[in-house]
Amino acid sequence: MRPTPGDVAAQITAIVGSTWPDGLDDGIPWLGSLGVSTETAEETSCEEDSGAWDFATLPAWGAAKVGWSTYRGRFAGVSWWLWSDLEWEDVRSAAAALAEEISTVHGAPSESTAEAEGRGPSWLWRLEGHDIEMYAHNGAIRPEGFAAGPSVVQLHVDLRPVAELREDEAQRRAVWKPQA
């Protein structure tokens, strides 16, 4: 299995303990130092104050994909999609092992959900200054009849001060509706 849950946990711990890049100009070389081929990413954001890039490769990690985001010019978070080339049972096992590895270093998750029909388990660690979120998607068919995609572990590390500003703005935009 490429990468192992230990490989991923070590990278997460290094990221959380590192000096976080300020903006995209700092973020691109920082991602490169993590082995991410940033030139393979696709810009996917359509928000005015946000930027998002997905589908970058991490050659040493096989089928893994990496993404990152900015908010108001500040580097906000890094995301991985791991083990999409494995069957659900193997993805589930890798996710559980990764959750254990992260918990060993960062403590028990602040929140977690158990596997249920149509979805896999999830975990959230709220650390000082960062959030780590992980979802194990089981590839189930959605209630509307559409496939949810392959079984995969979706993992995010966000710089909390920037991510909270972005979330607050998104909530304000959802609540505020201009008068016609």
Packing-based ranking, highest mean first, of 62-75, 117-130 given that Cβ atoms within 10 Å are counted
62-75, 117-130
By the mean-Cβ-within-10 Å protection proxy, highest first, 158-166, 27-35 rank as 158-166, 27-35
Between ASP168 and ALA96, what length in nm is gained on full extension when 0.36 nm per residue of separation is reduced by their alpha carbon distance?
22.8 nm
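Report the Rg/Rh value for the chain, based on alpha-carbon coordinates and the Kirkwood definition of Rh.
Here Rg/Rh amounts to 0.97.
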ARG2 long-range amide H proximity, modeled H, under 5 Å:
none
Put a dot 7 Å past each Cα toward the Cβ at SER18 and ALA140; how far apart are the dots in nm?
3.5
Contact order normalised by length for the chain, with contacts defined as Cα pairs under 8 Å and 6 or more residues apart; what percent is it?
18
Tell me, what ³J(HN,Hα) does each residue in region 109-117 have, in order and in whole Hz, if you take phi through Karplus 6.51 cos²θ - 1.76 cosθ + 1.60 with θ = phi - 60° and put x for Gly and Pro?
x, 5, 9, 7, 10, 7, 4, 9, 4
If the convex hull of the alpha-carbon atoms of region 41-82 is projected onto planes in all directions, what is the mean projected area in square nanometres?
2.8
Region 1-47: percent of C-alpha pairs farther apart than 13 Å?
67
Apply the Karplus curve 6.51 cos²θ - 1.76 cosθ + 1.60, θ = phi - 60°, to the phi angles in region 50-62 and return the couplings in whole Hz, x for Gly and Pro.
10, x, 8, 10, 10, 6, 5, 9, 10, x, 5, 10, x
What is the dipole size for the chain, taken about its Cα centre, with +1 at each Lys and Arg Cβ and -1 at each Asp and Glu Cβ, in debye to the nearest 20?
220
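Where a number appears in this text, it was derived from the coordinates with a stated rule and is not lab data. All values derive from a computational prediction rather than experimental measurement. We place every Cβ from the backbone using ideal geometry, glycine too, and count neighbours over all the protein chains shown.
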